[in-house]
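Here is the structure we will look at, set down as structure tokens.
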Amino acid sequence: MLQVFQMAQSSTNKNLVFQRCIASDCGQTFDIGEALVACKACGQLLDVAYAWDHLPVPNSLREFERQWSHRNHPLAFSGVWRFRQLLPFAAEEDIVSVGEGQTLLRASDPVAKYVGLRAGHVFLQYEGMNPSGSFKDNGMTAAFTHARAIGAKRAACASTGNTSASLALYSGASRLMQAVIFIGSGKISFGKLSQALDYGALTVQIAGDFDDAMQRVQEVCAQLGIYLVNSVNPFRLEGQKAIMFRVLESLKWEVPDWIVVPGGNLGNSSAFGKAFGELHTLGLIDRIPRLAIINASGANTLYELVERRGLTWNGGRPDRSIIDKYYGELDVAGRRASTIASAIEINRPVNLIKCLRALDICHGVVRQVSDQEILDAKAQVGQGGFGCEPASAASVAGTRLLCEEGLIDRDARVVCILTGHQLKDPTATVAYHTTDKTEFERILGARGVDTASYANHAIAVDNNLDAIIRAIDRHSQGER
Ligand code: F0G
């Protein structure tokens, strides 16, 4: 299998993989040797596209199980590259892997109960188990691989924290490129910032928010010829398809009814749509799951545009005037994204159009949930012993909402993507569980979170053995 893969990448077969504009009235193609983040003809987003008929594709997803017996080979070990036949854009010798994708999918009955579904029907996909603690590593290994193949020396991103942590990690671990990261001021959790600093990334803090940083990084990369690894980079999203491959693998290749994912810059949802579209076209799955994308209500552009203003993919010709009008309104009102789920605090998602395609492919829906709902859902996940960061819990809060609405029916099998590790943002978690009202007010009150419904308060006790034992006894009796 490895040999076949290499053949597919030989220079004679180079034209089997290309970049293609997603706009149906453009569709311009470009060589994969170019570093592009938009179509040179019309400015729309690009896909990595494959001439599948001429590439070695397995007959069944089960064939990937053969990779398990080669786990001592780094590419078979990687939870992204063991599926490399489904993202065959790179020569093996160019692949940069740090062992990403060793994730878990676990059924959670307490969470099933919380959202109103049957035991054994809710699955949590723990992407926080990746090397940098979030799903971003799935995409970063792919973007880094492409960057290396085309000889890039510096790579940059704007980030709410996880993309930058991931870029910094790949840069530090591989020593192949210098990482330059752009963050908004006061908009990044310490867990994530600490990673970027510790792993040695050049960290540029913009006086602005993520949307500002995203615009600037694109300008800077264009001017300085730096390789951009944000999710406008089509190669990054190729790696993120692997999250869905692993979900299917963990479900013994059975397609669930729903995939529920938080929506920020909309790279993940776009990648999931592409993954399922391709698997279906290749005959590797017989049906496509429905996709639910969950916005925080303080950063709800997708929800507003799709569910309230009727924006659709429309066969690759979405009505841009709906988007322009809404962004104009945001500007006039001076409205900025604001949510405790800082990872998804984004008002101008760069993958908006691609995400519309994913919603179309997966018969998807969009919902918004409040910070309160996010933190309550996060506490439920946390009690299961693995936990997640606030943004991730939007998927559980959104599932609960969709069950209440009756859109997800009680027998459905639902996979919630937990995008980031619990330790990424301890501030929000501790504020939620604290008994210190001042601290709670300072961090959560300002966000409209009133009481912590599922708080696990620490018990304050004198430094006295009897008092400690009495306190533990009292607490244990209360538990019984
Ligand atoms: N969950 C977490 C933990 C994230 O870090 C992000 C995005 C998302 C969800 C949203 O995913 O952008 O694909 O819709 N974080 C980016 C960053 C923006 O810079 O780390 P998306």
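The values are calculated or read from the model by the stated rules, or taken from the named source; none is laboratory data. Please read all numbers here as calculations on a predicted model, not as lab measurements. Glycine gets a Cβ as well: all are built from the backbone with ideal geometry, and neighbour counts include every protein chain shown. In case anyone asks, the SASA skips ligands and DNA or RNA and just uses the protein heavy atoms, side chains included. Shrake-Rupley method; radii C 1.70, N 1.55, O 1.52, S 1.80 Å.
Observations on the structure shown:
- In the context of the full set of protein chains, residues of segment 301-363 present 44 Å² of accessible surface per residue (probe radius 1.4 Å, heavy atoms only).
- In a DSSP loop and with at most 13 other Cβ atoms within 10 Å, the trypsin sites (Lys or Arg not before Pro) in segment 145-201 are LYS153, ARG175.
- Charge dipole (segment 220-285, unit charges on Cβ, about Cα centre) - positive-most of TRP253, SER270, CYS221: CYS221
- When the Cα positions of ALA155, GLY334, ALA455 are compared along the charge dipole of the chain, ALA155 comes out farthest toward the positive end, with charges on each C-beta of Lys, Arg, Asp and Glu.
- Taking segment 100-206 and dividing mean pair separation by its residue count, relative contact order in percent (alpha carbons under 8 Å, at least six apart): 20
- Convex hull of alpha carbon positions in segment 175-316: directionally averaged projected area 11.5 nm².
- All-pairs Cα distance distribution in segment 39-108, expressed in whole percent, bin size 5 Å: 3, 13, 19, 20, 18, 13, 7, 5, 2, 0
- Cα radius of gyration and Dmax for segment 362-468 (Å): 16.4, 61
- Note on the chain: with charges restricted to the Cβ of Lys and Arg (+1) and Asp and Glu (-1), its dipole about the Cα centre is near 560 debye.
- Beyond 15 Å, the tail of the calculated P(r) for segment 368-419 holds 43 percent of the Cα pairs.
- Set of lysines with alpha-carbon distance to LYS40 below 21 Å, sequence-local pairs under 8 removed: LYS14, LYS354
- Relative contact order [Cα under 8 Å, 6+ residues apart], the chain, whole percent: 16
- Kirkwood Rh and Cα Rg combined as Rg over Rh, evaluated for segment 87-164: 1.15
- Cβ-based charge dipole, segment 15-172, positive-most Cα from LEU169, SER60, ALA143: LEU169
- Kirkwood analysis of the Cα pair distances in segment 337-396 returns a hydrodynamic radius of 12.8 Å.
- What separates the Cα centres of segment 330-406 and segment 117-176 is a distance of 20 Å.
- Distance between segment 407-480 and segment 60-111 - C-alpha centres, whole angstrom: 35
- Given +1 at the Cβ of Lys and Arg, -1 at the Cβ of Asp and Glu and no other charges, the dipole of segment 298-372 around its Cα centre is 180 debye to the nearest 20.
- Counting Cα-Cα pairs of the chain in 10 Å increments starting at 0 gives whole-percent bin shares of 4, 20, 32, 27, 12, 4, 1, 0.
- Taking the C-alpha atoms of segment 1-140, convex hull volume expressed per residue in Å³: 174
- Cα-only Debye scattering, segment 168-233: base-10 log of I(q)/I(0) at q = 0.11, 0.12, 0.27 Å⁻¹: -0.25, -0.30, -1.32
- Taking each DSSP H run with n ≥ 4 as -39500 (n - 2.57) and averaging over every residue of the chain yields -12000 deg cm²/dmol at 222 nm.
- As a rough guide to protection, the peptides 281-294, 392-405, 194-207 ranked by mean Cβ packing within 10 Å, highest first, stand as 392-405, 281-294, 194-207.
- Taken about its Cα centre, segment 378-475 carries a charge dipole of roughly 140 debye when the Cβ of each Lys and Arg holds +1 and the Cβ of each Asp and Glu holds -1.
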